[in-house]
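Q: Take this structure first; my questions come after.
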Amino acid sequence: MAVDQELVDAAIELARARFPGQDWSGAAALRLDDGAILTSTAPEVPNNAVRLCHETGAICEAFKLGRRVVASVCVTLADQARGYWILAPCGVCQERLFAYGRDVAVGVPAGADPRRWRSLRLRDVQPHWFGRVFPEEEWPY
Ligand SMILES: [Zn+2]
């Protein structure tokens, strides 16, 4: 299932509710195989080297529930005037999402305006992913 406006809106809604009026805030939303949406955001910590991604909490929650992740999107608010930007998942989150297969859909910016987005599958975001050389270990297990 592709990233859709409902999923993007869920991430933006959490970011707005949790960080009203705060620049450089963000959140993520994941869709599960049963259609449910999980959202999460990342805490600020003194040492940036140990920060978590906005997706991390929802990925852990999906695992706790025993559900497959089928789509993921992450948003950030650079400043109020420029609106919410769509962030492609970082390399670490891509690896976490690959546990649900190469067809997980992720939101990525569309063109030069990061407020616009499109949905791509992980296999298209990272076509040379290391795990594809191990076909006997096709994820998800
Ligand atoms: Zn990440």
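Q: For region 5-138, give the share of DSSP beta bridges that are antiparallel, in percent and rounded to the nearest 5; count only bridges with both residues there. Each step should come with its number before you reach the end.
A: Values: 22 of 24 bridges.
If we restrict to bridges inside region 5-138, about 90 percent are antiparallel.
Q: Determine the per residue accessible area of the chain with all protein chains present and a 1.4 angstrom probe, expressed in square angstrom.
A: For the chain, the solvent-accessible area averages 55 Å² per residue.
Q: Compute the signed sum of charges (Lys and Arg +1, Asp and Glu -1) over the other residues within less than 14 Å, Cβ to Cβ, of Leu65.
A: Numbers: positive: Arg31, Lys64, Arg67, Arg68; negative: Asp33, Asp34, Glu61.
That works out to +1.
Q: A further question follows. Treating the beta-carbon of each Lys and Arg as +1 and of each Asp and Glu as -1, no other charges, what is the dipole magnitude of the chain about its Cα centre, to the nearest 20 debye?
A: Computed about the Cα centre, the dipole is about 140 debye.
Q: Please compute the length gained on full extension between Ala99 and Asp34, using 0.36 nm multiplied by the number of residues separating them and subtracting their Cα-Cα distance.
A: Details: separation 65, 0.36 × 65 = 23.40 nm, distance 1.71 nm.
Additional length available on full extension: 21.7 nm.
Q: If you don't mind, there's one more thing I want to ask. Relative contact order, percent, of the chain when contacts are C-alpha pairs under 8 Å separated by at least 6 residues?
A: For the chain, the relative contact order is 22 percent.
Q: For the chain, set up a GNM with springs between Cα atoms under 10 Å and report which of Gly57, Gly83, Gly111 has the largest fluctuation.
A: Gly111
Q: Another one. Largest first and in whole Å, give the semi-axes of the chain's equivalent ellipsoid, each being the square root of 5 times a Cα gyration tensor eigenvalue.
A: In descending order, the three semi-axes are 25, 16, 15 Å.
Q: Roughly speaking, what is the stretch gain from Val45 to Arg121, that is 0.36 nm per residue apart minus the C-alpha to C-alpha distance, in nm to one decimal? Walk me through the numbers before you get to the answer.
A: Details: separation 76, 0.36 × 76 = 27.36 nm, distance 3.12 nm.
Full extension of this stretch gives 24.2 nm more.
Q: Mind listing which GluC sites (Glu not before Pro) in region 1-99 are in a DSSP loop and have 14 or fewer other Cβ atoms within 10 Å? List each step's numbers first, then the result.
A: Details: sites: Glu6, Glu13, Glu44, Glu55, Glu61, Glu95; in loops: Glu44, Glu55.
Hits after loop and neighbour filter: Glu44.
Q: What is the local net charge at Cys90, summed over the other residues whose Cβ is closer than 10 Å to its Cβ (Lys, Arg +1; Asp, Glu -1)?
A: -1
Q: Still on this structure, please answer the following. Report the residue, chosen from Val50, Val69, Val125, that carries the largest GNM mean-square fluctuation when the chain is represented by alpha-carbon nodes joined by springs under 10 Å.
A: Its mean-square fluctuation being the largest, the pick is Val50.
Q: Related question: May I ask you to give the percent of accessible area on the chain that is carbon plus sulfur, with a probe radius of 1.4 Å?
A: The nonpolar share, carbon plus sulfur, comes to 55 percent.
Q: Work from the charge dipole of region 1-79 (Cβ charges, +1 for Lys and Arg, -1 for Asp and Glu, about the Cα centre) and give the residue of Ala28, Ala62, Ala15 farthest towards its positive end.
A: It is Ala62.
The values are calculated or read from the model by the stated rules, or taken from the named source; none is laboratory data. Here the structure is a predicted model, which is why all the values come from computation and not from measurement. Positions of Cβ are generated from backbone atoms using ideal geometry, with glycine treated the same way; all protein chains shown enter the neighbour counts. Calculation scope for accessible area: heavy atoms of the full protein, side chains included, ligands and nucleic acids excluded. Shrake-Rupley method; radii C 1.70, N 1.55, O 1.52, S 1.80 Å.
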